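**Q** Below is the structure I would like to discuss, written out as structure tokens.
Bear in mind these aren't lab numbers, they're just calculated from the coordinates by the rules spelled out. Note that the structure is predicted; figures quoted are calculated from it, not measured. FYI the Cβ positions are ideal-geometry reconstructions off the backbone, even for glycines, and counts take in every protein chain you see.
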């Protein structure tokens, strides 16, 4: 089974979500199902069907989180090389077509969030950046087309 890279903080977020689902959401939906059952005919009971759908989602997410946690490998980002892009680094990039500068941080696929600038190390951009140094230029195919980017700076904190 392949291991999935993750930061310590990312793994902790997964564990917190799992704990919340198992200790709060699961018991609440079980209670909601029991209450809906007490209302009689289940075939036309919208509350019952909604609670069962919610239960299905929660149980699926719990199984998914158990699986993700089992294959996660924490990467210690405290002693990373500072001269090239590696997992966990924050990279300042310049879009050579538009002149826009932006920062991204390379993280595991289970903790990526483009809105926060956290990009999966396994994404096309993440793969293109790995091993590169400040001053290097990369080409990345994105949904918006081919982008030419220059690495301005690397930060490991």
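**Q** So what's the angle, to the nearest 10 degrees on a 0 to 90 scale, between helix 8-20 and the longest Cα principal axis of the chain?
**A** On a 0 to 90 degree scale, this one is about 10.
**Q** For the ranges 68-74, 121-127, what's the packing order if you count other beta-carbon atoms within 10 Å of each residue, average per peptide, and put the highest first? Numbers along the way, then the final one.
**A** Working: 68-74: 14.7, 121-127: 17.7.
Averaged packing, sorted descending, gives the order 121-127, 68-74.
**Q** Take every Cα pair under 8 Å in the range 4-74 that's 6+ residues apart, average their separations, divide by the length, and report that relative contact order as a whole percent.
**A** Details: 47 pairs, mean separation 39.7, N = 71.
Across the range 4-74, relative contact order equals 56 percent.
**Q** Right, something else. Quick check: from the Cα gyration tensor, does the range 116-157 come out rounded (a/c under 1.5), prolate or oblate? Intermediate values should be presented prior to the final figure.
**A** Values: a/c = 1.85, a/b = 1.24, b/c = 1.49.
Oblate, since a/c reaches 1.5 and b/c is not below a/b.
**Q** If you don't mind, there's one more thing I want to ask. Below 8 Å, C-alpha to C-alpha, sequence gap of six or more: please give me the relative contact order for the range 55-157 in percent.
**A** Details: 173 pairs, mean separation 29.7, N = 103.
Reported relative contact order: 29 percent.
**Q** Suppose we keep just the alpha-carbon trace of the range 4-74; what are its Rg and Dmax in angstrom?
**A** Cα only, the range 4-74: 15.7, 50 Å (Rg, Dmax).
**Q** Roughly how tilted is helix 26-37, in degrees to the nearest 10 and between 0 and 90, from the longest Cα axis of the chain?
**A** It is inclined by approximately 30 degrees.
**Q** Continuing with this model, one more query. Helix 46-71: angle to the longest alpha-carbon principal axis of the chain, degrees 0 to 90, nearest 10?
**A** With rounding to tens, the tilt is 40 degrees.
**Q** Now, a different point. Quick one: which of 138-146, 56-64 comes out on top by average Cβ neighbours within 10 Å, and what's the full order, highest first?
**A** Numbers: 138-146: 10.3, 56-64: 13.1.
In decreasing order of mean packing, 138-146, 56-64 become 56-64, 138-146.
**Q** Kindly identify the range 77-155 as rounded, prolate or oblate by the Cα gyration tensor criterion: order the square roots of the eigenvalues as a ≥ b ≥ c, call it rounded if a/c is under 1.5, otherwise compare a/b with b/c, prolate if a/b is larger, else oblate.
**A** Oblate, because a/c is 1.5 or more while a/b does not exceed b/c.
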